[in-house]
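Chemist: Pasting in a structure now, in structure tokens, and then I'll have a few things to ask.
A short reminder: the numbers here are calculations on the coordinates, not readings from a lab. Because the structure is predicted, anything quoted here is derived from the model rather than measured. Counting neighbours? That spans all protein chains shown, and the Cβs are built from the backbone with ideal geometry, glycine included.
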Amino acid sequence: MEKIEKLLASGSSHVAINRDAGARPGALDLRLAASGAESLEFIATDLHPRAEMLIAGAWSGCYATVFGKQAQLKKVTLPPDYSVDIQVSIGSVGNGYCLGGRVTVRVPGLATHVVEEIARLAHQHCPYSKALHGNIEISTNIVTV
């Protein structure tokens, strides 16, 4: 697997369950849905998102849904303010290009080892994680405070 030597561009997304029906949308507002799952919102700050932002948005929406499902299967109650941030970067390596990903899972109030286990399971079941793991460098950060 290649690692980025020189960063050229990045795209990030933040996914949280939006329970406020009166929330005002951003410049670009996409609703992501998976069959049998709660709909999620991806709100970007740029009107014309780069490919990295779209990959990050699709990946984070799917990953957040799968993370919630895996927590349910383990009978773990997630706090209402849990969220997932994913940054996808493109960079150069030698004469070519490659991608890298950084996943940050925020679950305030839960034990770190519990969140790490759910995050590991989510990576195993999320189709985007499965497609990318082993093909690009991915780091996962857990925040529980």
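Chemist: Just to confirm a number: summing +1 for Lys and Arg and -1 for Asp and Glu over residues other than Gln70 whose beta-carbon lies under 14 angstrom from that of Gln70, what do you get? Mind dumping the intermediate values first?
Modeler: Details: positive: Lys69, Lys74, Lys75, Arg120, Lys130; negative: Glu116, Glu117.
Summing Lys and Arg as +1 and Asp and Glu as -1 gives +3.
Chemist: Still on this model: Test of understanding: ordering Met53, Met1 by Cβ neighbours within 10 Å, fewest first, what list do you get? Please list the in-between numbers first.
Modeler: On the way: Met53 22, Met1 10.
Lowest to highest Cβ neighbour count: Met1, Met53.
Chemist: Moving on to the next point. Among the listed pairs Lys3/Lys75; Lys74/Lys130; Lys6/Lys74; Lys6/Lys69; Lys69/Lys130, which have their C-alpha atoms separated by more than 28 angstrom in this model? Kindly include the intermediate steps, with their values, before the conclusion.
Modeler: Numbers: Lys3/Lys75 37 Å; Lys74/Lys130 20 Å; Lys6/Lys74 40 Å; Lys6/Lys69 36 Å; Lys69/Lys130 16 Å.
Over 28 Å Cα-Cα: Lys3/Lys75; Lys6/Lys74; Lys6/Lys69.
Chemist: Ok, one more. With labels modelled as points extended 7 Å from the Cα through the Cβ direction, what inter-label distance (nm, one decimal) is found for Thr77 paired with Asn141?
Modeler: 3.0 nm
Chemist: Suppose the chain between Glu117 and Leu7 were pulled fully straight at 0.36 nm per residue; how much longer would it get relative to their current alpha carbon spacing?
Modeler: On the way: separation 110, 0.36 × 110 = 39.60 nm, distance 3.01 nm.
Fully extending the segment from Glu117 to Leu7 adds 36.6 nm.
Chemist: Quick one: if you stick a label point 7 Å off each Cα along the C-beta vector at His125 and Asn95, how many nm between them?
Modeler: Each label point lies 7 Å from its Cα, and together they span 4.5 nm.
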